[in-house]
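What follows is a set of notes on a single structure, which appears directly below.
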Amino acid sequence: MTERKVRVRFAPSPTGPLHIGGVRTALYNYLFARQQGGEVILRIEDTDSQRFVPGAEAYIVEALGWLGIRFDEGVHTGGQYGPYRQSERKEIYKQYVTQLLDAGLAYIAFDTPAELEEKRKETANFQYDASTRMQMRNSLALPEAETRALLDSGAQYVVRIKIEPDEAVTVHDLIRGEVVINSSILDDKVLYKSADGLPTYHLANIVDDHLMEVTHVIRGEEWLPSAPLHVLLYRYLGWADTMPAFAHLPLLLKPEGNGKLSKRDGDRLGFPVFPLEWKDPKSGEISSGYRESGYLPEAVVNFLALLGWNPGNDQEIMSMDELVAHFSLERCSKSGAKFDYEKGKWFNHQYIQQKGNAEIAALFMPELEKHGVQAEPAYVELVVGMMKERVSFVKDLWAQASFFFVAPESYDEKTVKKRWKSDSAVQLAELLDVLHPVEPFTLEHTEEVSMAWIQEKGYHLGNIMNAFRLALVGEGKGPHMFDIVAALGRDETIRRTQRAIEVLK
Ligand code: GLU
């Protein structure tokens, strides 16, 4: 077999917002393709009209774009293998349905949903397969003339794959190794429905992977049970030679590790399970997203990359380029990955520290505006530089740093009781006299002059600084005192201190 160019696809069904586990699948496909110098396709698997949700496709495209997961081909990008929306490929699938029927590898079944329901009630664990199909209403069991008559009358039907029993079917999985099952456990799955003229997921998925020359199918573990059927379909369609390699990714588990991560876990523990906020078009219910919760896309990517894969050493902070360089399917774990939400916050904190102050300041601007603050970008940058170390989210800068933008209106009672001494007013008034003429009004100068004065007077350093902080901040928090003084500047420092003296004396 000649070496084929690596081509992978992310193939979501637009049935709602993309779950964070789906985002990880997209990311791993992207990392693998980039690393292998291959291509990654975005294909929309929308053949199940019952489960179609308006807005879901646009959501998927926007979410992956936000995270920097780019596609070489697909919906919204185009490409030579399109269309990339399965609902637009009806005619293509039809010919393979015919091929399978003509070869006797599939058959037509007329059983109505009610009849199937009846059968399931009658027989425990009923499975439509070699052992039962001759009791059913299909082209194998019915006389040929009857089948023809039913078709001519326009009766609705489905096409089912004809699975031969008792055959070993092997799935070679790059993560799990060899998985062998007996074909008797498979049922004669529906491949096509005349009702809407559309194939089911299984057929469309295989036909498209073949026609789009996909070399590796990287997807969630929940699809592993379908893989033997897919292997058979490749064989039935005559494509066994170019069957893609499979890699089924481990599940994302609840933070406690027991069972699959669900939206309910997010609601219960207060974290998003979707990349972007999502408003359910029917119920209007809003689900929170990583973007709206203040996550940086780089942090989400880094966090997700390590949920089910590791680089083989303890490096944790990795840019997209580094992830591309180090990624390998062999290092993906077989067992589920606990969704450690706190770790996600930690990553966000790290990325905030790593980014330039100007970039974080730009993200903080809208938050300031929300609080009615208009500030110079250079000033915001200065404040961000002093305060970002204390936060995991840009929006939390407000709680930490609002005093840089608005003077305290009141003074924290507890701090006043503890920190404002009987001589504080007099001392701060003296301090203002000392600070007033300092030129230039920098951190170094203001600090030097203040310290010399305190020493000369024999004052208690802690008492003075505590009262001064209370005057400028309104409570007992904040960075180094003279960082605050220098940032606020001469006029504001004097104004705030005078006001505190007036109010608290
Ligand atoms: N449409 C399937 C999904 O929604 C794709 C499974 C696959 O990648 O084969 O996840």
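The values are calculated or read from the model by the stated rules, or taken from the named source; none is laboratory data. Quantities reported herein were computed from a predicted structural model and do not represent experimental measurements. Using ideal geometry, Cβ is built from the backbone for each residue, glycine included, and neighbour counts are taken over all protein chains shown.
Remarks
- Residue tally, condition crowded, with 16+ Cβ neighbours inside 10 Å, assigned to a helix (DSSP H, G or I) and of a type outside the set (Gly, Ala, Ser), over segment 166-219: 9
- Of all the numbered requirements in (1) within 18 Å of the chain's Cα centre (by Cα); (2) over 24 Å from Leu18 (Cα atoms), Ile286 misses one, and that requirement is (2).
- If only residues of segment 343-367 that are under 15 Å from the mean Cα position of the chain (by Cα) and of a type outside the set (Gly, Ala, Ser) are counted, the one that is farthest from Tyr379 (Cα to Cα) is Lys343.
- Residue in segment 310-322 that is within 18 Å of the chain's Cα centre (by Cα), among the β-branched types (Val, Ile, Thr) and under 22 Å from Leu251 (Cα atoms) present: no
- Index of the failed condition, Val23 passing every other in (1) modelled with pLDDT of 95 or more; (2) in contact with a strand residue (DSSP E or B) (Cβ under 8 Å, 6 or more places away or on another chain); (3) within 16 Å of the ligand (Cβ to nearest atom): (2)
- Any hit, segment 87-105, residues being more than 25 Å from the chain's Cα centre (by Cα), more than 23 Å from Pro199 (Cβ to Cβ) and surrounded by fewer than 16 Cβ atoms within 10 Å (Cβ to Cβ): no
- Only one of Leu211, Leu232, Leu307, Leu249 that is among the hydrophobic types (A, V, I, L, M, F, W, C) and within 13 Å of the ligand (Cβ to nearest atom): Leu249
- Among (1) more than 30 Å from Val159 (Cα to Cα); (2) surrounded by fewer than 19 Cβ atoms within 10 Å (Cβ to Cβ), the one test that Ala33 misses: (2)
- Of all residues in segment 1-17 being within 10 Å of the ligand (Cβ to nearest atom) and farther than 24 Å from Gln36 by Cβ, the one that is surrounded by the fewest Cβ atoms within 10 Å (Cβ to Cβ): Thr15
- Test: residue in segment 66-79 that is touching a helix residue (DSSP H, G or I) at 6+ places or on another chain (Cβ under 6 Å), modelled with pLDDT under 95 and on the phi > 0 side of the Ramachandran plot: yes
- Looking across segment 239-259, the residues that are under 14 Å from His172 (Cα atoms), of a type in the set (A, V, I, L, M, F, W, C) and in contact (Cβ under 8 Å) with a residue 40 or more places away in the chain come down to Ala245, Phe246, Ala247, Leu249.
- Yes/no for Ser194 being touching a residue at least 24 places away in the same chain (Cβ under 8 Å), away from the ligand (no atom under 16 Å from the Cβ) and over 26 Å from Gln95 (Cβ atoms): no
- Complete set of residues in segment 450-463 that are of a type outside the set (Lys, Arg) and either surrounded by fewer than 16 Cβ atoms within 10 Å (Cβ to Cβ) or farther than 17 Å from Ala487 by Cα (or both): Met451, Ala452, Trp453, Ile454, Gln455, Glu456, Gly458, Tyr459, His460, Leu461, Gly462, Asn463
- Count of segment 34-58 residues which are touching a residue at least 12 places away in the same chain (Cβ under 8 Å) and either closer than 30 Å to Lys279 by Cβ or within 14 Å of the ligand (Cβ to nearest atom) (or both): 17
- Tabulated pairs, segment 214-238, first among the polar types (S, T, N, Q), second more than 8 Å from the ligand (Cβ to nearest atom) and assigned to a loop (DSSP other than H, G, I, E, B), C-beta under 7 angstrom, 6+ apart or interchain: Thr215/Arg4; Thr215/Val6; Thr215/Pro244
- Spans of helices (runs of 4 or more DSSP H) in segment 320-405 with at least 2 residues under 21 Å from His480 (Cα atoms): 341-354, 357-370, 377-387, 397-401
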